[in-house]
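Colleague: Take this structure, written in structure tokens, and hold onto it; I'll ask about it next.
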């Protein structure tokens with residue numbers, strides 16, 4: 001049997017974050033292709049009791065590093081623990097999410113271990129001949145997709161964008177082995193001081209957790225009109241997104257950007273106002289269940305992926321929709 005495929009679970013606020021389930025969906029495909037066990041690594045404080053919950057989403061084994069030093073994420077000691085456990089158990093593949101934690105820890109771990117790392121992958125597969133990991137990601141400004149194979153020692157490491165794959169359906173009958181790992185105590189002295197955590201400010205849920213996203217592009221014409229998007233998002237219980245052009249113009253914060261250079265999202269409903277649909281933007285939202293696009297240009301590329309295409313002035317249609325939703329909900 002091949003060496004294990006690992007995913008790096010994330011702990012936020014003392015709980016295993018849902019992004020950890022998405023990573024198991026990525027890992028399951030690779031583990032099945034290799035005939036290898038799928039394992040997840042959980043690093044946190046008072047987290048052991050939650051570890052077994054990952055079995056329902058595909059984990060055959062969970063390695064738990066549980067210590068008070070990991071109550072808050074501090075990259076230096078997290079990477080020390082990861083390096084130690086990786087050296088001991090030698091997985092063939094290690095996948096993390098391209099979140100703040102993943103983008104911080106994985107490059108440090110790559111340097112520590114002397115392993116290759118491919119960031120922001122959009123597809124992962126196993127080469128049928130070599131049994132090596134094929135990591136696909138955008139290159140040259142998103143104009144081409146590059147297939148990358150990591151040379152050198154294992155693990156083959158990569159990050160994938162959150163919300164780029166849905167978790168497997170929960171199977172609560174599954175069980176997994178939970179392995180406790182205790183790092184060398186001397187390596188848990190961090191050089192970093194945790195000060196505080198400030199959540200991202202946005203309308204509704206964070207972009208990648210939202211079920212409904214109302215996005216705007218250059219067709220919104222100015223920053224003031226983005227406030228109307230916020231009103232519709234509030235009425236629908238959604239979150240505001242934006243194209244790269246809108247962000248570059250200062251109409252929306254970078255945290256709202258959807259696309260290859262922003263965030264990948266998979267909401268139930270994605271409503272795009274005045275977004276033409278550059279390939280980079282479409283790559284970040286094409287996983288939405290239902291896409292509604294409003295644009296004056298009948299040839300707008302976004303219409304090719306839209307479930308409902310509305311040709312017309314974005315602002316006129318936005319105002320009409322706001323009034324219709326208010327009337328439906330009895331809001332003045």
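The values are calculated or read from the model by the stated rules, or taken from the named source; none is laboratory data. Note that this is a predicted model, so its numbers are computed, not measured. Don't worry about glycine lacking a Cβ; one is built from the backbone with ideal geometry, like all the others, and counts go over all protein chains shown.
Colleague: For residue 151, work out the one condition from (1) modelled with pLDDT under 95; (2) under 18 Å from the mean Cα position of the chain (by Cα) it doesn't fulfil.
Modeller: (2)
Colleague: So for region 142-150 (the condition being buried (at least 21 other Cβ atoms within 10 Å of the Cβ) and in contact (Cβ under 8 Å) with a residue 60 or more places away in the chain), does at least one residue qualify?
Modeller: No: region 142-150 contains no residue that is buried (at least 21 other Cβ atoms within 10 Å of the Cβ) and in contact (Cβ under 8 Å) with a residue 60 or more places away in the chain.
Colleague: A follow-up question, please. Would it be correct to say that residue 199 is at pLDDT below 90, under 20 Å from the mean Cα position of the chain (by Cα), surrounded by 17 or more Cβ atoms within 10 Å (Cβ to Cβ) and under 21 Å from residue 162 (Cα atoms)?
Modeller: When the stated conditions are applied, residue 199 does not pass them.
Colleague: Can I ask one more? Consider residue 318 against the criteria (1) outside any helix (DSSP H, G or I); (2) modelled with pLDDT of 95 or more; (3) buried (at least 20 other Cβ atoms within 10 Å of the Cβ): it satisfies all of them except one. Which criterion is unmet?
Modeller: So the condition that residue 318 fails would be (1).
Colleague: Return a yes/no flag: does region 224-242 have any residue that is modelled with pLDDT of 90 or more, crowded, with 17+ Cβ neighbours inside 10 Å and part of a loop (DSSP other than H, G, I, E, B).
Modeller: yes
Colleague: Next question. With respect to residue 250, is the statement that it is more than 17 Å from the chain's Cα centre (by Cα), within 23 Å of residue 138 (Cα to Cα) and in a loop (DSSP other than H, G, I, E, B) true?
Modeller: Here the answer is no, as residue 250 does not meet what is asked.
Colleague: Say we look at region 6-53 and pick out the residues that are more than 20 Å from the chain's Cα centre (by Cα) and assigned to a loop (DSSP other than H, G, I, E, B); which of these is surrounded by the fewest Cβ atoms within 10 Å (Cβ to Cβ)?
Modeller: It comes out as 35.
Colleague: Taking region 321-332 only, how many residues are within 19 Å of residue 230 (Cβ to Cβ), assigned to a loop (DSSP other than H, G, I, E, B) and free of Cβ contacts under 8 Å to residues at least 60 places away in the same chain?
Modeller: 1
Colleague: Restrict the check to region 291-302 and report whether at least one residue is crowded, with 20+ Cβ neighbours inside 10 Å, over 16 Å from the mean Cα position of the chain (by Cα) and without any contact (Cβ under 8 Å) to a residue 24 or more places away in the chain.
Modeller: Looking through region 291-302, at least one residue is crowded, with 20+ Cβ neighbours inside 10 Å, over 16 Å from the mean Cα position of the chain (by Cα) and without any contact (Cβ under 8 Å) to a residue 24 or more places away in the chain.
Colleague: Yes or no: residue 250 surrounded by fewer than 22 Cβ atoms within 10 Å (Cβ to Cβ), touching a helix residue (DSSP H, G or I) at 6+ places or on another chain (Cβ under 7 Å) and touching a residue at least 24 places away in the same chain (Cβ under 8 Å)?
Modeller: yes
Colleague: Here's a follow-up. Which numbered condition trips up residue 255, out of (1) at pLDDT 95 or above; (2) assigned to a helix (DSSP H, G or I)?
Modeller: (1)
Colleague: Please verify whether residue 267 is under 16 Å from the mean Cα position of the chain (by Cα) and farther than 30 Å from residue 70 by Cβ, treating the condition exactly as stated.
Modeller: yes
Colleague: So, in region 121-141, how many residues would count as being at negative phi and surrounded by fewer than 13 Cβ atoms within 10 Å (Cβ to Cβ)?
Modeller: 5
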